[in-house]
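Heads up, the thing below is written out as structure tokens.
The values are calculated or read from the model by the stated rules, or taken from the named source; none is laboratory data. Model, not experiment: these values are computed from the prediction. Because the Cβ atoms are built from the backbone with ideal geometry, glycine has one as well, and the counts that use them run over all protein chains shown. To get the accessible areas, we keep the full protein, side chains included, count just its heavy atoms, and leave off ligands, DNA and RNA. Shrake-Rupley method; radii C 1.70, N 1.55, O 1.52, S 1.80 Å.
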Amino acid sequence: MLYRAHVLVCNGTNCSLKASPEVQKEFSRLLPEYGLDKEVKVVETGCFGLCEYGPTVVVFPEGTFYSGVKVSDVREIVSEHLYKGRVVKRLLYQVPPAARPVQVYPEVDYFRHQVRVVLRNCGFIDPESIEEYVARGGYQALGKALTAMTPAQVVEEVKASGLRGRGGAGFPTGLKWQFAARADGSGPKYVVCNADEGEPGTFKDRLILEGDPHAVLEGMALAGYAVGAHQGYVYIRGEYVLSIERLEKAIAQAREMGLLGKNILGSGFDFDVEIRLGAGAYVCGEETALFESLEGGRGEPRIKPPYPTDAGLFGRPTVINNVETLANVPVIIERGATWFRTLGTQKTPGTKVFTLTGDIVNAGLIEVPMGITLREIIYNIGGGIPDGRAFKLAQTGGTSGGVIPAELLDVPMDYDSLATHGSALGSGALLIIDDTHCIVNVAKSFSFFFLHESCGKCTPCREGTLQLHRIMERISRGEATRTDLENMKALAQAMYVAPLCPLGQTAPLPLMSTLRWFKSEYLAHVVGRTCPAGVCPMDGSAARAAAGCAASAAGGAAAGAGRAASREV
Ligand SMILES: Cc1cc2nc3c(=O)[nH]c(=O)nc-3n(C[C@H](O)[C@H](O)[C@H](O)COP(=O)(O)O)c2cc1C
Ligand code: FES
């Protein structure tokens with residue numbers, strides 16, 4: 001049936017928490033009352049991106065963008081906009097800080113500066129409808145690969161695209177597929193989609209799966225064809241209820257339409273997907289721990305080599321890729337590697353999906369070309385820092401990444417540029433922090449996370465994370481000495497190499513990164529024995545007595561002392 005208008009109601013997790021399902025129900029209830037139910041279709045979508053202003057409602061064909069829509073607003077949209085054709089101005093999204101109402105979503109700065117490849121369908125289709133995915137070109141890439149390309153050509157195309165894994169390490173996807181394709185073919189091979197997403201502040205994989213599950217399934221099927229695997233698994237954390245529900249529906253629909261299962265599109269190629277739930281341990285996102293968990297064991301990492309492409313799941317050659325990586329693949333096969341390389345940088349082509357959170361006006365989900373500067377993200381897309389406060393730092397790559405201070409606001413956001421500054425692109429968590437926060441307190445929360453999440457299998461990680469956290473606690477209480485800082489550095493050097501897996505190896509990285517850029521603030525705690533931001537308890541009475549200075553001394557003066565001392569360290 002053809003409809004005159006479509007009302008897209010965001011049912012992403014954030015909007016759902018703000019009652020978007022009730023908003024959607026109200027549209028469905030009121031449309032018949034106005035005789036519009038045969039003319040206007042209500043569509044439930046995944047995350048549209050501007051979660052901060054949810055529930056979001058977009059009316060097509062023109063793309064009128066309403067934000068913060070309440071159940072009580074729905075009658076006005078139906079009676080004024082849908083019935084009489086008059087836009088409800090008071091519900092239009094207002095551009096902060098000028099508060100200029102914007103009528104259609106492409107005019108919103110937040111969207112204007114984005115390039116949506118992975119999120120091409122998120123917020124625009126009903127994720128529970130395979131027909132809508134197909135109508136937007138979905139499964140065309142799979143059809144093209146199965147009918148017009150050899151598996152080796154698929155591998156070559158992905159290699160030529162320069163796609164690098166979006167799960168954190170940035171390993172070239174095509175190369176990984178080539179290793180798996182060439183590995184022992186005497187038994188089964190597997191494709192695993194890593195949707196564990198245990199990094200605090202990261203939720204992009206959840207939203208991709210909620211908004212466009214078929215794109216990920218299509219990427220998995222293409223991976224299977226390329227490497228000669230016939231079984232795929234999505235390992236996803238159990239709390240991602242909506243993503244799981246939508247994935248289950250998508251798998252059933254794809255099987256029904258012959259796009260998963262036996263003899264896909266009559267090509268003779270078999271590939272099916274099953275879902276496995278994780279219980280929420282960060283280490284289970286690490287590929288080998290994930291295999292252990294998927295096999296029914298305790299989620300602890302294995303020693304590498306052998307690498308997964310030789311001996312992964314059930315000891316067989318396995319391709320493991322992140323959700324976002326896999327969602328890129330159908331577009332690469334459909335539009336070609338050359339097109340993909342027009343986006344991003346020479347070394348890291350394509351786009352990156354970030355979860356933009358913290359002290360930022362437009363918090364939400366964004367997708368930008370690789371190499372965009374941090375400043376552009378914060379000020380052009382994010383709308384700046386609320387209440388005119390000063391930007392202090394961005395934590396990139398989640399807890400295992402590092403921090404970027406104000407002097408590096410023009411750093412390009414890609415794997416290599418961030419690495420040269422001791423940070424990482426990681427999983428795509430981008431946490432913006434303003435000048436009201438204390439760096440020691442922020443870093444202490446990182447150290448606690450690693451202490452809590454260390455699986456305990458190897459001593460350097462188990463003991464190292466404990467000692468790092470103890471030092472951070474001493475600094476925050478005003479009980480630390482310069483020796484503690486030296487010990488922390490020495491411990492970090494050992495931990496970069498000694499632990500069994502990257503969880504322990506990266507645990508000191510965020511601490512060293514904060515120490516590198518905010519040394520004066522650390523020294524204000526250690527030497528001046530005060531917290532310039534007034535956040536840390538600084539209740540180390542013994543240390544205060546020893547230092548002979550009051551913990552309640554004025555922050556600025558103490559910070560000055562810290563800065564002076566920093567020249568000595
Ligand atoms: C402690 C730890 C947690 C990880 N968590 C995830 C995760 O949640 N999702 C993910 O895709 N990769 C995660 N990784 C990276 C994976 O081990 C692996 O490199 C990735 O899934 C490969 O996919 P890609 O090449 O597409 O990035 C984690 C790594 C470590 C060390
Ligand atoms: S959940 Fe609705 S905009 Fe993100």
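Sorted from greatest to least, the principal axis extents spanned by the alpha carbons of the range 1-111 come out as 39, 28, 25 Å. Expressed as a whole percentage, what fraction of the accessible surface of the chain belongs to carbon and sulfur atoms when a 1.4 Å probe is rolled over the protein heavy atoms? The value for the chain is 53 percent carbon and sulfur by accessible area.
Across the protein chains, with a 1.4 Å probe defining accessible surface, the residues 86, 462 rank 86, 462 from largest area downward. Database remark: amide H of residue 42 closer than 5 angstrom to the amide H of 7 (H placed geometrically; neighbours at sequence offset of 5 or more, or on other chains; Pro and chain starts carry no H). Hey, what did the chain get for relative contact order, percent, Cα under 8 Å, at least 6 apart? Relative contact order here is 12 percent.
Close amide H pairs (under 5 Å, H built 1.01 Å from N) link residue 373 with 413, residues at least 5 positions away or on another chain. The residues of the range 76-191 present an accessible area of 44 Å² per residue when probed at 1.4 Å with all protein chains retained.
Rolling a 1.4 Å probe over the protein chains gives residue 445 an accessible area of about 60 Å². Couplings for the range 224-229, taken from phi via the Karplus curve 6.51 cos²θ - 1.76 cosθ + 1.60 with θ = phi - 60°, read x, 4, 4, 9, x, 9 Hz in order; Gly and Pro are left as x.
Around the Cα centre of the range 48-203, unit charges on the Cβ atoms of Lys, Arg, Asp and Glu (plus for the first two, minus for the last two) sum to a dipole of about 340 debye. Kindly report, to the nearest 10 Å², the accessible surface of residue 107 as traced by a 1.4 Å probe over protein heavy atoms only. Its accessible surface works out to 90 Å², give or take rounding. In the assembled protein chains, residue 287 presents an accessible area of approximately 50 Å² (probe radius 1.4 Å). Put simply, the amide H of residue 351, placed in the peptide plane, has neighbours under 5 Å in 370, leaving out anything fewer than 5 places away on its chain. Note on surface exposure: 339, 177 rank 339, 177 by accessible area, highest first, 1.4 Å probe.
Note that the range 378-383 has calculated 3J(HN,Hα) couplings of 5, 8, 7, 9, x, x Hz, one per residue in order, obtained from phi through the Karplus relation 6.51 cos²θ - 1.76 cosθ + 1.60 (θ = phi - 60°); glycine and proline are x. In straight-distance terms, cross-link reach from residue 304 covers every one of the aspartates and glutamates whose alpha-carbon lies under 17 Å from its own, apart from those fewer than eight places away in the same chain; here that gives 286, 287, 292. With point charges of +1 on the Cβ of Lys and Arg and -1 on the Cβ of Asp and Glu, referenced to the Cα centre of the chain, which listed residue (250, 142, 288) lies farthest in the positive direction of the dipole? Looking along the dipole axis, the top candidate is 288. Cross-link check: pairs 38/262; 25/144; 144/249 evaluated at a Cα-Cα cut-off of 32 Å; pairs beyond the cut-off: 38/262; 25/144. Heavy-atom accessible surface of the range 236-291, averaged per residue, reaches 42 Å², computed with a 1.4 Å probe. Under a cut-off of 21 Å between alpha-carbon atoms, report the lysines in cross-link reach of residue 352, not counting same-chain residues fewer than 8 places apart. Of all the lysines, those that pass the test against residue 352 - Cα under 21 Å, at least 8 places apart if same chain - are 159, 176, 204.
Charge dipole (Cα centre; +1 on Lys/Arg Cβ, -1 on Asp/Glu Cβ; no other charges) of the range 138-280 amounts to roughly 320 debye. A 1.4 Å probe over all protein chains sorts 247, 17, 265, 2 by accessible area into 2, 17, 265, 247, starting with the largest. Only Lys, Arg, Asp and Glu carry charge here, each on its Cβ (+1 for the first two, -1 for the last two); on that basis the chain has a dipole of about 860 debye about its Cα centre.
Projecting the Cα positions of 23, 59, 152 onto the charge dipole of the chain (unit charges on Cβ atoms of Lys, Arg, Asp and Glu, taken about the Cα centre) puts 152 furthest along the positive direction. 3J(HN,Hα) along the range 170-184: x, 6, x, 5, x, 5, 4, 5, 5, 4, 5, 5, 8, 6, 2 Hz, from the Karplus curve 6.51 cos²θ - 1.76 cosθ + 1.60 with θ = phi - 60°, whole Hz, x for Gly and Pro. The distance separating the Cα centre of the range 29-55 from that of the range 383-434 comes to 36 Å.
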